[in-house]
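Peer 1: Mind having a look at this structure? Questions to follow.
The values are calculated or read from the model by the stated rules, or taken from the named source; none is laboratory data. In this text the structure is predicted, and so the values were computed from the model without any measurement. Cβ coordinates were reconstructed from backbone atoms using ideal geometry, including for glycine residues, and neighbour counts include every protein chain displayed. Calculation scope for accessible area: heavy atoms of the full protein, side chains included, ligands and nucleic acids excluded. Shrake-Rupley method; radii C 1.70, N 1.55, O 1.52, S 1.80 Å.
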Amino acid sequence: MVLEALKSMFGRRIRLPRDLDTRVPRGVRKAVEPQVAAIQAAIDAIAALPDLADVATTKKLPKGFFAAVQALAGAYEAYIAAVTQRVPALQKSARAGTSEGQHACREQPVGVTGVEGMAIYRAARPWKDFAPVAQELARLGEQQFKDIQALHTGKDPEKIAMTSTAVQQGRLDFARRGEPCPFLDPQAHRCRIWDARPFVCRMHHLLGDPREADPRGPGYPKQVKAYNVRMPLRQQVALMQIEKRMLMNAAPFLNANVLQWLQLAEGQLLAEAGEAPMRLAPDGQTAAKANRNKPGAKKFSKEKKRARK
């Protein structure tokens, strides 16, 4: 355990393109302060919602939760756009999730917060093909865990530090499989959850040839030229505080995270307090209500029994 900790602190750190730290120039940071303030205001709005700590018990989110998360995503997008406008290198870059930047959608696993994961699950659950998407999420999540476990040297295979060499190398090994994200449209080569996609995908810009972002390439990850427009640190910390308040112990990677909310919601939509429940069939469609006027309905069988008497 001690040796593993020393390796994580002083050993060679393995970075995937989304891990790269790219600092926004000081002059640009000053110019985009209004956008940063809007991000903070959106986070404050989520933090002010009542009963956040009771979600795991009630399985109900506060009223207005998803609108507040959408507002946060919109504020972050406005911040990215403002930075892009002021950083020349970004103006010709390809973004992950677009047809041009689709190769970056094979870099898995993708990190995600619980707040983002809930919004992603709510957006994807009504899809007709959600069941096979969920199965693919489960397959990839299991393979990712196996890749990490195979490198873990500790006694407990279930307790693996996120900063450990096993996690770093395991993520790289898994990425090199080149598995496409289950939310990538295989025909259009575009992100199907674009409006709800993870923040680590929103921030990711590919400079140079975007095909180099394909993890199956021989130069990956060193040859990938990326610029990550991260959420400012103060706002990242504020979002993490919300995560702690919710006591959900959200899985840190997209594949497992979405399945966590599927389990919490028992296959249905994650609902807000006061929201009418919507029952979904396995194919993602609204479950049909029973037609009580059919000849075989129970009420008619009862009437027939009374008539016989």
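Peer 1: Which one of these does L259 not meet: (1) of a type in the set (A, V, I, L, M); (2) open to solvent by less than 70 Å² (accessible area, probe 1.4 Å); (3) modelled with pLDDT under 95?
Peer 2: (3)
Peer 1: Also, I was wondering about something else. How many residues does the range 45-54 hold that are open to solvent by 30 Å² or more (accessible area, probe 1.4 Å), touching a residue at least 24 places away in the same chain (Cβ under 8 Å) and not small (G, A, S)?
Peer 2: Going through the range 45-54 one residue at a time, the tally reaches 1.
Peer 1: Determine whether the range 245-252 contains at least one residue that is of a type outside the set (D, E, K, R) and farther than 23 Å from A161 by Cα.
Peer 2: Scanning the range 245-252 turns up no residue that is of a type outside the set (D, E, K, R) and farther than 23 Å from A161 by Cα.
Peer 1: Being touching a residue at least 12 places away in the same chain (Cβ under 8 Å) and crowded, with 18+ Cβ neighbours inside 10 Å narrows it down to one of A75, A131, A89, A138, so name that one.
Peer 2: Of A75, A131, A89, A138, the one residue that is touching a residue at least 12 places away in the same chain (Cβ under 8 Å) and crowded, with 18+ Cβ neighbours inside 10 Å is A75.
Peer 1: Can you find a residue that is in contact with a strand residue (DSSP E or B) (Cβ under 6 Å, 6 or more places away or on another chain) and either within 27 Å of G208 (Cβ to Cβ) or at pLDDT 95 or above (or both) anywhere in the range 65-82?
Peer 2: Scanning the range 65-82, I find at least one residue that is in contact with a strand residue (DSSP E or B) (Cβ under 6 Å, 6 or more places away or on another chain) and either within 27 Å of G208 (Cβ to Cβ) or at pLDDT 95 or above (or both), so the answer is yes.
Peer 1: For G117, state whether it is closer than 13 Å to I193 by Cβ and modelled with pLDDT of 95 or more.
Peer 2: When the stated conditions are applied, G117 passes them.
Peer 1: Next up: Here is a check on your reading of the model: is G267 open to solvent by 30 Å² or more (accessible area, probe 1.4 Å) and not charged (D, E, K, R)?
Peer 2: The answer is no for G267.
Peer 1: Having 3 or more residues that are among the aliphatic types (A, V, I, L, M) is the bar; report the helices (runs of 4 or more DSSP H) wholly within the range 190-274 that clear it.
Peer 2: Result: 233-246, 254-264.
Peer 1: When you check D173 against the structure, is it within 16 Å of the chain's Cα centre (by Cα), part of a helix (DSSP H, G or I), farther than 19 Å from L259 by Cα and not basic (K, R), yes or no?
Peer 2: Considered against the rule, which asks whether it is within 16 Å of the chain's Cα centre (by Cα), part of a helix (DSSP H, G or I), farther than 19 Å from L259 by Cα and not basic (K, R), D173 comes out as no.
Peer 1: Quick check on this structure: which one of A188, A123, A161 is open to solvent by 30 Å² or more (accessible area, probe 1.4 Å), modelled with pLDDT under 95 and of a type in the set (G, A, S)?
Peer 2: Exactly one residue qualifies, and that residue is A161.
Peer 1: Could you grab me the full set of residues in the range 92-112 that are crowded, with 19+ Cβ neighbours inside 10 Å and part of a loop (DSSP other than H, G, I, E, B)?
Peer 2: Residues satisfying the conditions are S93, G97, E107, Q108, P109, V110, V112.
Peer 1: Do you know which residues across the range 55-66 are touching a helix residue (DSSP H, G or I) at 6+ places or on another chain (Cβ under 9 Å) and either open to solvent by 60 Å² or more (accessible area, probe 1.4 Å) or at positive phi (or both)?
Peer 2: Once the filter is applied, which keeps residues that are touching a helix residue (DSSP H, G or I) at 6+ places or on another chain (Cβ under 9 Å) and either open to solvent by 60 Å² or more (accessible area, probe 1.4 Å) or at positive phi (or both), the range 55-66 yields K59, K60, G64.
Peer 1: Taking the range 237-256 as the region of interest, how many residues are surrounded by 15 or more Cβ atoms within 10 Å (Cβ to Cβ) and free of Cβ contacts under 8 Å to residues at least 12 places away in the same chain?
Peer 2: Qualifying residue count for the region: 0.
Peer 1: While we're on this one: Do you know which of the residues in the range 270-291 that are modelled with pLDDT of 85 or more and farther than 29 Å from F174 by Cβ is most open to solvent (accessible area, probe 1.4 Å)?
Peer 2: So the residue we want is G274.
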